[in-house]
Amino acid sequence: MPKKKDEAIQDILTRKAVVLEHYSQKKRKQKRKKTKGFTAKQRREMRLFEIEPEQQRYTIFLPLHELWKQYIRDLCHGLKPDAQPHMVQGKLLKADLHGAIVTVTKSKCPSYVGITGIILQEFKHIFKIITKEDKLKVVPKLNNVFMLEIDGFISYIYGSKFQLRASERSAKKFKLKGTIDL
């Protein structure tokens with residue numbers, strides 16, 4: 001209490017309520033709710049990853065291939081003739097393949113051999129490829145060998161060792177191993 005005369009203190013006490021202890025209420029921060037994405041079931045129902053038949057044309061995706069070639073050239077520093085093949089191969093294994101033109105060269109299933117087209121979608125176990133005949137082909141990675149050609153550099157990708165999503169593959173360290181019998 002401030003230093004005052006007893007009469008002044010009595011006067012204050014009779015007229016006003018005195019708070020002896022005062023707890024200041026802390027302002028509570030409101031937690032932000034994280035926006036959750038869609039579940040797999042919701043994505044299937046909404047058909048988010050399906051390409052409509054009128055959009056399944058090879059010519060529509062040629063600009064995507066040009067962008068992919070530019071991306072690979074930037075990634076591999078120009079793909080010079082004196083570049084070491086194993087370094088380029090390592091970068092291609094970790095690169096995003098959406099827009100790449102690939103050819104199935106070997107397969108346990110002979111109907112897949114010779115399919116050539118632009119990769120539209122890549123999933124963990126399959127590639128969705130659009131061919132020059134405007135057909136969307138679903139090709140499994142397992143037991144298939146894919147050929148990738150860019151600026152004269154040819155790379156073979158063994159699908160059995162490549163069964164990852166594009167986002168997971170970019171962080172994976174690939175080990176050099178021998179060839180795989182099909």
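Tally Lys and Arg at +1 and Asp and Glu at -1 over the other residues with C-beta under 12 Å from the C-beta of Pro53: what net charge comes out? Overall, the nearby charge balance is -2. Pop the C-beta distance of Arg57 and Lys34 into the FRET formula with R0 = 35 Å and round what comes out to the nearest 0.05. With a Förster radius of 35 Å, E is 0.35. A dipole drawn for the stretch 56-171 from +1 and -1 charges on Cβ atoms has a positive end, and of Gln70, Ile60, Val139 the residue lying farthest that way is Val139.
Here the spin labels are modelled as points 7 Å beyond Cα on the Cα-Cβ line, and at Met46 and Ile154 they lie 4.3 nm apart.
Subtracting the Cα-Cα distance of Ser167 and Asn143 from 0.36 nm times their residue separation leaves 6.5 nm of extension gain.
Per the Debye formula on identical point scatterers at the alpha carbon atoms of the stretch 56-171, with no solvent, log10 I(q)/I(0) at q = 0.13, 0.18, 0.20, 0.22 Å⁻¹ is -0.47, -0.92, -1.13, -1.35. Charge dipole (Cα centre; +1 on Lys/Arg Cβ, -1 on Asp/Glu Cβ; no other charges) of the stretch 56-171 amounts to roughly 400 debye. Listed cross-link partners Lys41/Lys141; Lys69/Lys137; Lys41/Lys69; Lys80/Lys135 are compared with a 26 Å cut-off, the Cα-Cα value being larger for Lys41/Lys69; Lys80/Lys135.
Ordering of 93-104, 138-149, 3-14 by packing is 93-104, 138-149, 3-14, highest average first (other Cβ atoms within 10 Å, averaged per residue).
Values quoted throughout were computed directly from the atomic coordinates according to the rules given, and no laboratory measurement underlies them. Everything numeric in this text was worked out from a predicted model, so none of it was measured. Methodologically, a virtual Cβ is constructed for each residue, glycine included, from the backbone with ideal geometry; neighbour enumeration extends over all protein chains shown.
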